[in-house]
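Below: one structure, written as structure tokens.
The values are calculated or read from the model by the stated rules, or taken from the named source; none is laboratory data. Remember, predicted model here, so these are calculated numbers, not experimental data. Positions of Cβ are generated from backbone atoms using ideal geometry, with glycine treated the same way; all protein chains shown enter the neighbour counts. Heads up: the accessible areas ignore ligands, DNA and RNA and are worked out on the full protein's heavy atoms, side chains in. Shrake-Rupley method; radii C 1.70, N 1.55, O 1.52, S 1.80 Å.
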Amino acid sequence: MRMRSLILPFGALLVAVGAAPALAVDPPHFVDETATSGIVHKYTGGWEFYVGGGVAAFDCNGSGLPSLYFAGGSSPAALYINRSNVGGALRFEKVEDSPLNLTDVTGAYPIDIDGDGIMDLVVLRVGESVVFRGLGDCKFERANEAWGFDGGNNWTTAFSATWEAGQQWPTFAIGNYVDRDAPGSPFGTCEPNFLIRPIGRHFGPRVPLTPGYCALSMLFSDWNRSGTASLRIANDRQYYRGGADQLVKLDPGVAPHFYNSAEGWHRLEIWGMGIASYDLQGKGYPVYAITSMAEQKLQVLSKDAAEGAPSYEEQAVVRHTAAAHPYTGGDPRPSTGWHPEFADVNNSGYVSLFISKGNVSAMGDFANKDPSNLLIGQPDGTFKEGGVEAGIVNFDSARGAALVDLNLSGMLSLVIVNREANVRIYRNVGFGTEEKPVPMGNWIEVKPNEPGANRDAIGGWIEVRAESLNLRRELTVGGGHASGEAGWVHFGIGAAERALVRVRWPDGKVGPWVKVQANSFVRIDRDDIAPHYWLPPYETSASASTEPAGAKN
């Protein structure tokens, strides 16, 4: 990646696409570029692949552009290198000969395990899961043996990672589904989940997290801002056998502990599919979206919660994110939610919530025509459905997904993995058209960087101030539904032409506020007092403007 160390003044030429933006809280327009993207891929298979179907979005060759790795189920997984021009149409090239092209893959998560600045990849499978070391130039090698990673032989469906205090390597949480060898599968007993802590620069043995209740999503998150992440687990109610969703306390050097009712944790019994988090209230604490069959959940830390008590209030109905039934298509039956993701799709400064939808297989009590939701964040803290206006309505059976800036335009595109149907890929063109994209608001994209282990500051927070906006985002690996992203962290900042940004590093150190020009990519190094701007190779794009939107003194 071409990162420049020079410090640019406000008003310096950065990058933008289209005309000067205007603040909006309406949905952006998405153009379906599946047919021209070069991506031909389906998530296929029988009952072992009803769940899963993820995508990993990450820069594998240092170009700054996120490439895409798709789970294939019974079909081979596939890596597609991003060949898009900046601000232009989305173009990808399949890597035909790669060790990543395994069968039985359910999902994948990018993470820089060894701190060399090159993304590695954790691949979840029905069977042995595999860790691949990134070698650069989108090349990978199997690392299970070299790194001491026990890939098991489970039906693995969930993953998260964090760096515990003082550790050089990450701690992994591995989430498993039904014991497929048990009598009566797929309706057998849930397998245990596992915690894998490091021993130096090597993975230690698997530590069972029991009981397991068929995890479909996991997320390490510092729910109470204690400085230590806990592990939230969304479980599939169909297999509960007396269980519920779980929250695991993880203190350094201490055995994991499940929070219980005496400690303030209230049972949540849903068909848990996916987890997403964001500080929606601007109070410094994550709010959690949990997808399910029928009503989705939105959990906010209770005002009455005692210090250290993980007590949550349900706000999905009042904030209009329950999304319990299809909003179009005429099917009145309940929806089935899978991948949730918070992201500012219109650069308004108000985060939106995407939820992928699709029937598990042929469940007659649930909707078959079940379009994914694009819930647009509003200034009053509520959300408004925008899928129809955005142009993303289809009735494929969706699973994993990613909202990511695929062409470095500052606008988030949408990738959706479908069961037994081709991947869908939508380019965000804002107010504009396929031929002339027009941003709906200003933006910044940030990349924290600290030396040594945990280069991407996982477990830290990015804070942004832009005019009246106060935005906070926790840096995590995991969650969603079998889908993970790594790279630039996107913030919409509305009409603001500059922002103040700081990083709260994982060890608790708070960096200084630094001034950042709107519509720019910046790296923030741990010990620096100014940002480092990165310039995409916009000269290769026929559609990229040479004048940045909002770049004024």
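Fully extending the segment from Thr328 to Ser361 would add 9.9 nm, taking 0.36 nm per residue of separation and subtracting the current Cα-Cα distance. A simple charge model with +1 on the Cβ of Lys and Arg, -1 on the Cβ of Asp and Glu and nothing else charged puts the dipole of the chain at about 480 debye relative to its Cα centre. Between Ala305 and Trp513, the modelled label-to-label distance comes to 2.7 nm, taking each label 7 Å out from Cα in the direction of the beta carbon. The accessible area of Thr476, taken with all protein chains in place and a 1.4 Å probe, comes to roughly 40 Å². Highest mean first, the peptides 231-237, 87-93, 389-395 sorted by other C-beta atoms within 10 Å per residue fall in the order 231-237, 87-93, 389-395. The residues Thr171, Thr103, sorted by heavy-atom accessible surface at 1.4 Å with ligands and nucleic acids left out, run Thr103, Thr171 from largest to smallest.
Can you tell me how segment 195-282 classifies by the Cα gyration tensor, rounded, prolate or oblate, using a/c under 1.5 as the rounded cut?
oblate
Taking Rh as the Kirkwood radius computed over C-alpha pairs, what is the Stokes-Einstein D of segment 104-244 at 37 °C in a medium of viscosity 0.692 mPa s, expressed in µm² per second?
210
Across segment 415-509, the fraction of Cα-Cα pairs farther apart than 18 Å, rounded to a whole number, is 60%.
List the aspartates and glutamates whose Cα lies under 17 Å from the Cα of Lys94, skipping any in the same chain that are fewer than 8 positions away. Correct list for Lys94: Glu33, Asp59, Asp137.
Here the Debye sum runs over all C-alpha atoms of segment 408-456 as equal scatterers in vacuum, and log10 of I(q)/I(0) at q = 0.14, 0.19, 0.29, 0.32 Å⁻¹ comes out as -0.60, -0.77, -1.05, -1.16. Across the chain, the fraction of Cα-Cα pairs farther apart than 45 Å, rounded to a whole number, is 6%.
Kirkwood-type hydrodynamic radius, segment 65-115: 12.2 Å, calculated from all non-identical alpha-carbon pairs.
Compared with the direct C-alpha span, the chain from Lys283 to Glu389 gains 35.0 nm at full extension, assuming 0.36 nm per residue.
From largest accessible area down, sort Val318, Val131; use a 1.4 Å probe on the protein chains.
Val318, Val131
Placing pseudo-labels 7 Å out from each Cα toward the beta carbon at Ile529 and Glu128 gives an inter-label distance of 5.3 nm.
Subtract the Cα-Cα distance of Lys369 and Ala146 from 0.36 nm times their separation in residues, and report this length gain in nm to one decimal.
Contour length minus Cα-Cα distance gives 75.6 nm.
Cross-link partners for Lys515 among the lysines, with Cα-Cα distance under 18 Å and sequence neighbours closer than 8 places in the same chain left out: Lys447, Lys552.
Distance from the Cα centroid of segment 40-75 to that of segment 370-403 is 21 Å (rounded to whole angstrom). Using the Cβ of Asp370 as centre and a radius below 10 Å, the other residues enclosed give a net charge of +1, where K and R count +1 and D and E count -1.
Ser63 sits with roughly 40 Å² accessible to a 1.4 Å probe, with DNA, RNA and ligands left out of the calculation. From the alpha carbon centroid of segment 111-142 to that of segment 309-325 is 36 Å.
Amide H contacts for Gly45 (H built 1.01 Å from N in the peptide plane; partners 5 or more residues away or on another chain; cut-off under 5 Å): Ser74. Would you mind getting me the FRET efficiency between Thr382 and Asn224? Use the beta-carbon distance for r and R0 = 45 Å, nearest 0.05. About 0.95, to the nearest 0.05. By a 1.4 Å probe calculation restricted to protein chains, Ser277 has an accessible surface near 20 Å², given to the nearest 10. Note on exposure: Lys357, Lys509, Lys139, Lys303 ranked by accessible area (1.4 Å probe, complete protein assembly) read Lys303, Lys139, Lys509, Lys357, with the most exposed listed first. Charge tally for Leu412 (other residues, Cβ to Cβ under 9 Å; Lys, Arg +1; Asp, Glu -1): -2.
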